[in-house]
Amino acid sequence: MFDGFEMVDHIVHDLLKLYKKLEPDSAVHQDTMPKVTSWKELKSMGETVRQLRKEVTEGRIKLKPSAEKYLKFFEDRTTETTKDLFEIRPLSTDFLVGTNGPSTCRTFYSWFKTWGVLGDCEKLHRYLVAYSSDATMASSAFRPHINNDFHPSMVFSLDHNIWMHQHLMRADQWLLFENTSTVAGRGRAFTTGRLWNEDGVLVLSCTQEIVLRSTGVVSKI
């Protein structure tokens, strides 16, 4: 790989893929999709960030340094030239950058889909849905701590596992993503994810372990 200006001979990525043939159902059940606000009633990430900045500028809300840093991060990611491949609509504006009061909530929801309409290539949709499953999981692990002025100094994924429960899925149609961080400590954090389509079908499940370090104070919730 290329590291800065020097080539280094270290493995930094390992991928294991398991395939199976389609087969008829035997036993059938799934977790029910949570009853949450529809994407139709939510603002896009860009609109949400601009609204938060307006409230900060007008003095209606005050941000701690860590929350201000996180808001600036989202501002840089939601311009017309730097916006992500996916449109994301978070359910909770307060939890997005830590404008809420103290809370022990560690489950976060967001709707997302690609900005444009895609063709009917089944593989493309599966690739993009799998790719998008990494978008919010790491931040979900430390987001509850932002209100404690938590400053992560190092965040990166150690492993990301995906189980696709459906063969057909559409990356260009709205999907509900649930992220729950079940444990964090000793420089690590673990998060689970579940993804439903708008019809309530559980499309995939995923897990992620990350390195999560800080040179500041320890945040406990």
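The values are calculated or read from the model by the stated rules, or taken from the named source; none is laboratory data. Treat the numbers as computed from the prediction; the structure is a model and nothing was measured. Neighbour counts run over all protein chains shown; Cβ positions are idealised from the backbone, glycine included.
Worth pointing out:
- Cβ pairs under 9 Å, 6+ apart, first in the stretch 25-48 and surrounded by fewer than 17 Cβ atoms within 10 Å (Cβ to Cβ), second part of a loop (DSSP other than H, G, I, E, B) and of a type in the set (Phe, Trp, Tyr): SER38/TRP174; LYS40/TRP174
- All positions within the stretch 78-105 that are in contact with a helix residue (DSSP H, G or I) (Cβ under 7 Å, 6 or more places away or on another chain) and at pLDDT 90 or above: PHE86, ILE88, ARG89, PRO90
- Considering PHE74, PHE108, the condition of being at pLDDT 90 or above and in contact with a helix residue (DSSP H, G or I) (Cβ under 8 Å, 6 or more places away or on another chain) is satisfied by PHE108 alone.
So that you can scan it fast, the table gives a plain yes or no per residue for (1) outside any strand (DSSP E or B); (2) in contact (Cβ under 8 Å) with a residue 24 or more places away in the chain; (3) surrounded by fewer than 22 Cβ atoms within 10 Å (Cβ to Cβ):
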| residue | (1), (2), (3) |
| --- | --- |
| ASP120 | yes, no, yes |
| ALA130 | yes, yes, yes |
| ALA135 | yes, yes, yes |
| ARG143 | yes, yes, no |
| VAL155 | no, yes, yes |
| LEU168 | yes, yes, yes |
| ASN179 | no, yes, no |
| GLY200 | yes, yes, yes |
| SER219 | yes, yes, yes |
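- Residue match in the stretch 67-75 (condition: within 28 Å of ALA171 (Cα to Cα), loosely packed, with under 15 Cβ neighbours inside 10 Å and either of a type in the set (Val, Ile, Thr) or free of Cβ contacts under 8 Å to residues at least 24 places away in the same chain (or both)): yes
- Residues in the stretch 202-220 that are of a type outside the set (D, E, K, R), touching a Pro at 6+ places or on another chain (Cβ under 8 Å) and farther than 17 Å from ASN179 by Cα: SER214 only.
- Screening ARG89 against (1) touching a Leu at 6+ places or on another chain (Cβ under 8 Å); (2) surrounded by fewer than 19 Cβ atoms within 10 Å (Cβ to Cβ) leaves a single unmet condition, (2).
- Filter pass, ASP94 being surrounded by 14 or more Cβ atoms within 10 Å (Cβ to Cβ), of a type outside the set (A, V, I, L, M) and free of Cβ contacts under 8 Å to residues at least 12 places away in the same chain: yes
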